[in-house]
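Chemist: Structure below; questions to follow.
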Amino acid sequence: MLVLTLLLSVLVGLSLGLLGGGGSILTVPILTYVAGLEAKEAIAASLFVVGVTSAVSVLSHARAGRVRWRTGLVFGAAGMAGAFGGGVLGGYLPGRLLLLAFALMMLATAGAMIRGRGQPPEAVGPRELRLGKVVLEGLVVGLVTGLVGAGGGFLVVPALVLLGGLPMSVAVGTSLLIIAMKSFAGLAGYLTSVQLDWPLVLGVTAAAVVGSLAGARLVRVVPERALRRGFGWFVLAMAVLILVQELPSPFGLVVGGAAATLALAAVVCWYAVPACPLRPREVAAAP
């Protein structure tokens with residue numbers, strides 16, 4: 001299982017390098033269901049893995065000029081405060097509750113990834129930071145990340161586009177700086193009550209770093225929309241699996257079955273209905 005864990009960990013890095021997020025969405029299920037870690041240990045370990053991988057990946061983006069340091073440091077500092085509090089709180093909550101909260105975050109993330117965005121403000125250019133909103137957003141995103149170990153990149157990237165006026169490619173690079181900062185803060189919170197298997201964590205981290213370096217090189221080659229959509233369906237399937245596993249029977253099967261049915265209906269709507277409301281406007285209008 002160790003070899004499989006390490007191989008799957010490469011996907012964590014690829015996701016971070018290509019999309020600026022999604023690392024914990026993959027890391028927590030891998031560490032829980034493949035490596036066999038307890039929920040709290042898996043969440044804490046994922047924060048270390050994602051923090052180190054993001055820090056390494058941000059260097060590649062910085063060399064290409066895709067990091068806005070001032071914006072990232074302001075957002076990241078607020079995120080660190082929220083993440084530390086979330087990590088401390090998460091260490092005292094039941095593991096099953098944390099995994100269920102994680103599954104809900106996965107469902108929200110999957111929906112956002114599959115639907116995509118409307119027309120993003122790619123051409124607006126940098127604008128004056130809305131400091132109050134940036135700090136508030138950073139605290140909230142940091143709290144969520146520290147608590148369940150997920151939700152960072154896919155909340156940060158849209159915020160950077162809307163609040164900072166950053167192009168998508170720059171928002172992805174800047175989000176990695178923010179993710180690294182608040183991941184380490186969340187880890188510090190968890191380490192007040194959780195012990196980690198460091199040899200396993202370091203091995204997973206090394207594999208993820210390899211993936212992140214490859215992802216940073218592929219960011220201008222792989223079509224973002226197709227990648228994001230495919231990844232979204234995968235995250236949705238993983239969320240259903242966690243709900244089935246963690247909810248007591250028969251509720252797990254009922255909720256998992258309902259989620260799977262909705263997902264199937266969404267697939268039929270997406271591919272069979274030209275005006276499907278699940279599509280972003282520019283996709284629905286395409287011939």
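Chemist: Would you pick out the residues in segment 175-200 that are among the β-branched types (Val, Ile, Thr) and under 18 Å from the mean Cα position of the chain (by Cα)?
Modeler: ILE178, ILE179
Chemist: Would you check if there is a residue in segment 113-128 being modelled with pLDDT of 80 or more and farther than 18 Å from VAL140 by Cα? Let's see the steps before the verdict.
Modeler: First, pick out the residues of segment 113-128 that are modelled with pLDDT of 80 or more: none.
No: segment 113-128 contains no residue that is modelled with pLDDT of 80 or more and farther than 18 Å from VAL140 by Cα.
Chemist: Looking at VAL244, VAL209, can you tell me which residue is at pLDDT below 85 and among the β-branched types (Val, Ile, Thr)?
Modeler: Within the list VAL244, VAL209, the selection yields VAL244.
Chemist: What's the total number of residues in segment 189-217 that are closer than 14 Å to VAL50 by Cβ, among the small types (Gly, Ala, Ser) and touching a helix residue (DSSP H, G or I) at 6+ places or on another chain (Cβ under 6 Å)?
Modeler: Selection size over segment 189-217: 5.
Chemist: Please work out which residue is surrounded by the fewest Cβ atoms within 10 Å (Cβ to Cβ), limiting yourself to segment 10-23 and to residues that are farther than 18 Å from ALA239 by Cα and at pLDDT 75 or above. It would help to see each step written out before you state the result.
Modeler: Of all residues in segment 10-23, those farther than 18 Å from ALA239 by Cα come to 10, 13-14, 16-20.
Filter once more, so that each one left must be at pLDDT 75 or above: 10, 13-14.
Details: VAL10: 19, GLY13: 31, LEU14: 25.
Among those that are farther than 18 Å from ALA239 by Cα and at pLDDT 75 or above, it is VAL10.
Chemist: Can you tell me which residue within segment 155-182, out of those that are in a helix (DSSP H, G or I) and small (Gly, Ala, Ser), is surrounded by the fewest Cβ atoms within 10 Å (Cβ to Cβ)? Step through it out loud before you land on a result.
Modeler: The first filter runs over segment 155-182 and keeps only residues in a helix (DSSP H, G or I), leaving 155-164, 168-182.
Okay, now just the ones that are also small (Gly, Ala, Ser), so 159, 164, 169, 171, 173, 175, 180.
Working: ALA159: 20, GLY164: 23, SER169: 17, ALA171: 27, GLY173: 28, SER175: 32, ALA180: 23.
Checking each candidate, the answer is SER169.
Chemist: Among the residues that make up segment 85-99, is at least one of them assigned to a helix (DSSP H, G or I), closer than 28 Å to SER169 by Cα and in contact (Cβ under 8 Å) with a residue 12 or more places away in the chain?
Modeler: At the first step, the residues of segment 85-99 found to be assigned to a helix (DSSP H, G or I) are 85-90, 95-99.
Those left that are additionally closer than 28 Å to SER169 by Cα: none.
No: zero hits.
Chemist: Further, regarding this structure: Just the residues that are part of a helix (DSSP H, G or I) and closer than 15 Å to ILE43 by Cβ, please, taken from segment 183-204. Steps first, answer last, please.
Modeler: Our first condition is that a residue be part of a helix (DSSP H, G or I); within segment 183-204, this holds for 183-190, 198-204.
Of everything in segment 183-204, those that are part of a helix (DSSP H, G or I) and closer than 15 Å to ILE43 by Cβ turn out to be SER183, PHE184, ALA185, GLY186, LEU187, ALA188, GLY189, TYR190, LEU200, VAL201, VAL204.
Chemist: Same structure, new question: Could you figure out which of (1) over 30 Å from GLY132 (Cβ atoms); (2) under 16 Å from the mean Cα position of the chain (by Cα); (3) β-branched (Val, Ile, Thr) isn't true of ILE25?
Modeler: Single failed check for ILE25: (1).
Chemist: Can you spot a residue in segment 102-109 that is closer than 19 Å to MET168 by Cα and touching a Ser or Thr at 6+ places or on another chain (Cβ under 7 Å)? Full working, then the answer.
Modeler: From segment 102-109, those closer than 19 Å to MET168 by Cα are 109; that's our starting set.
Pick out the ones that are also touching a Ser or Thr at 6+ places or on another chain (Cβ under 7 Å) and you get none.
There is no residue in segment 102-109 that is closer than 19 Å to MET168 by Cα and touching a Ser or Thr at 6+ places or on another chain (Cβ under 7 Å).
Chemist: Here's something else I'd like to know. Being more than 26 Å from LEU162 (Cβ to Cβ) and buried (at least 24 other Cβ atoms within 10 Å of the Cβ) is the filter here; which residues of segment 40-84 pass it?
Modeler: Selection gives ALA42, ILE43, ALA44, ALA45, SER46, VAL49.
The values are calculated or read from the model by the stated rules, or taken from the named source; none is laboratory data. All values reported here derive from a predicted model rather than from experimental measurement. Every residue, glycine among them, receives a Cβ derived from its backbone with ideal geometry; neighbour counts consider all protein chains shown.
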